[in-house]
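Working notes for the structure below.
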Amino acid sequence: MITTDRVLIVGAGLGALYAALKLAPRPVLVISPETLGEGASSAWAQGGVAAAMAASDSSESHARDTEYAGAGTVDPAVARLVTAEARHHILDLTALGTPFDRDAEGGYVMSREAAHSVARVVRVKGDQAGHEIMQTLIAEVRATPSVQVAEGVLASGIEVENGQVTGVWVEKAREPSGRLLIRTPAVLLAGGGSGGLFAVTTNPPRIRGQVIGMAARAGARIADPEFVQFHPTAIATGEDPAPLATEALRGEGAILVNARGERFMTAVHELAELAPRDIVARAVYLERQAGREPALDTRAALGEEVLTRFPAVAQACKRAGIDPVSCPIPVAAAAHYHMGGVDVDTAGRASLGRLWVCGEASSTGLHGANRLASNGLLEALVFAKICAEGIAAALPAPAETPEVALDFPPGGCVVDETAVARMRRAMTDGVGVVRDAAGLTEALRVIAEVEAAAACEAMRNMTATATLIAAAALKREESRGGHFRADFPQTDPVLAQRTHITLAEALEIRARALEVR
């Protein structure tokens, strides 16, 4: 055990780094499993940041679109709060040096994405927004003396005394080691979502719900875990994780077709390819289930420009031997974003004292049952700043604080990747785009068996989050947003409310389901 006066930030994506900068000159310690810029979902984000930057747009319109996409469970006050702050954060990132795309008059170039009423997604180099914003923040963090970054270190547990978080357990991320407890006056969790718990995902390999799971295991209340967003246009080439074909392609006019050459979205929704993501994802999933091989056709809309304007998509196609200029890109629905997470208030505070959470690991009420496209990075920015301000207000004035020397004891264990693969497949099969009671119960059975055999804390954190997702999905007997039950296909107005659940309650649901089975 070691003790420090540094604020401990778990994670190294956009929310974590932005918060570290907003806390300066207060000393912080950032815990990053990978080298900065690697392995964070933020760096993989293609579309950009949603913000009402055009004179013809407004934050009120952005908030309305957010509520519409969220299928009845968005917190309107949070939607207003976040969208009102959007412009400020774009200007802040611009001042830091983020090279947002600009037109000849110096205005921001914006894309239209699903369920937005106007083009309001600010982008960088077509599909490089996440990478470029992260590079800007990494350069600032490296140059900020108050920020210490511990790379190759994994957080695996939270220490709690009398309902107050007192520290975080850490271990080496790249090799087995014993665990080390770092005692700290405040903890900010900003460690990403849960997409890697599914066999088909667009998330980096290490994003497997560990941060949400360790908070839940410590007793933190969780919100909306059943609401997982499946991106409709992951490039279906067999890569794990699956490369992403950004929604901006559809905003530019790309269409979805099947093996027969039929444009199938026009019969599904009035907005066709720009319908809310859950609707497009289900349509793509059902086409694939029917053997009609859905694909994204960029030929008429972009032609050869797809190669230069969307370099990440072009590179993924090249790796797979696909020429998007001459043929459609095969696509599949893939776990992409977790609307659920650690339940926080409008100050970013969790139900445990001295614990703040921002980014995809949190659930603020902004996304409801279905996140509006490109609101993810925006929420991370807004709540990173809010959390930083709350932490600063809760602590005494910063003082000179030495860097933390991490000396790990021997021991440790390695995650059983075979067991992880089994659980990921069970999650995709039973807790995926289309769910029912039988599939959810089978998934819970597999999760329970994997959990019983788990030898290390990282694995138990994964099974905790998987249990929360599947159990809450089993309890919600309706279809809403990203949660679709084939056995309860209608939306129930009585259930137009958020889920608030503890791990103990999820385990009770699991136990009852397995008893009945």
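The values are calculated or read from the model by the stated rules, or taken from the named source; none is laboratory data. Since the structure is predicted, the reported quantities are computational estimates derived from the model, not experimental observations. Backbone-built Cβ (ideal geometry, glycine too); neighbour counts: all protein chains shown. When the accessible area is computed, the model is the full protein with side chains, heavy atoms only, and any ligands, DNA or RNA have been set aside. Shrake-Rupley method; radii C 1.70, N 1.55, O 1.52, S 1.80 Å.
The one condition from (1) open to solvent by 50 Å² or more (accessible area, probe 1.4 Å); (2) touching a Cys at 6+ places or on another chain (Cβ under 8 Å); (3) closer than 26 Å to residue 207 by Cα that residue 329 does not meet is (1). Within the set 291, 341, the sole residue that is within 19 Å of residue 374 (Cβ to Cβ), open to solvent by less than 60 Å² (accessible area, probe 1.4 Å) and modelled with pLDDT of 95 or more turns out to be 341. Selection of first residues in region 162-178 that are exposed (fewer than 11 other Cβ atoms within 10 Å of the Cβ) and of second residues that are assigned to a loop (DSSP other than H, G, I, E, B) and of a type in the set (Val, Ile, Thr), restricted to Cβ pairs under 9 Å at least 6 apart or on distinct chains, gives the following pairs, ordered by first then second residue: 175/414.
Working only within region 385-405, note down all residues that are open to solvent by 50 Å² or more (accessible area, probe 1.4 Å) and either in a loop (DSSP other than H, G, I, E, B) or of a type in the set (Ser, Thr, Tyr) (or both). Hits for region 385-405 are 396, 397, 398, 399, 400, 402, 403, 405. Within region 418-434, if we keep just the residues that are of a type in the set (Gly, Ala, Ser) and in a helix (DSSP H, G or I), the residue that is surrounded by the fewest Cβ atoms within 10 Å (Cβ to Cβ) turns out to be 421. Does region 76-95 contain at least one residue that is part of a loop (DSSP other than H, G, I, E, B) and in contact with a helix residue (DSSP H, G or I) (Cβ under 9 Å, 6 or more places away or on another chain)? Scanning region 76-95, I find no residue that is part of a loop (DSSP other than H, G, I, E, B) and in contact with a helix residue (DSSP H, G or I) (Cβ under 9 Å, 6 or more places away or on another chain), so the answer is no. Just to verify a result, which residue in region 476-492, among those that are in contact (Cβ under 8 Å) with a residue 60 or more places away in the chain and either farther than 22 Å from residue 221 by Cβ or among the charged types (D, E, K, R) (or both), is surrounded by the most Cβ atoms within 10 Å (Cβ to Cβ)? This residue is 480.
Among the candidates 382, 414, the residue that is assigned to a loop (DSSP other than H, G, I, E, B) and either within 28 Å of residue 47 (Cα to Cα) or of a type outside the set (Ser, Thr, Tyr) (or both) is uniquely 414.
Residues in region 6-45 that are more than 16 Å from the chain's Cα centre (by Cα) and charged (D, E, K, R) were compared, and the one that is modelled with the lowest pLDDT is 34. The residue that is surrounded by the fewest Cβ atoms within 10 Å (Cβ to Cβ), among those in region 143-161 that are in contact (Cβ under 8 Å) with a residue 60 or more places away in the chain and more than 25 Å from residue 462 (Cβ to Cβ), is 145. When region 34-70 is examined, which residues are found to be in a helix (DSSP H, G or I), open to solvent by 40 Å² or more (accessible area, probe 1.4 Å) and closer than 30 Å to residue 139 by Cα? Hit for region 34-70 is 44, nothing else.
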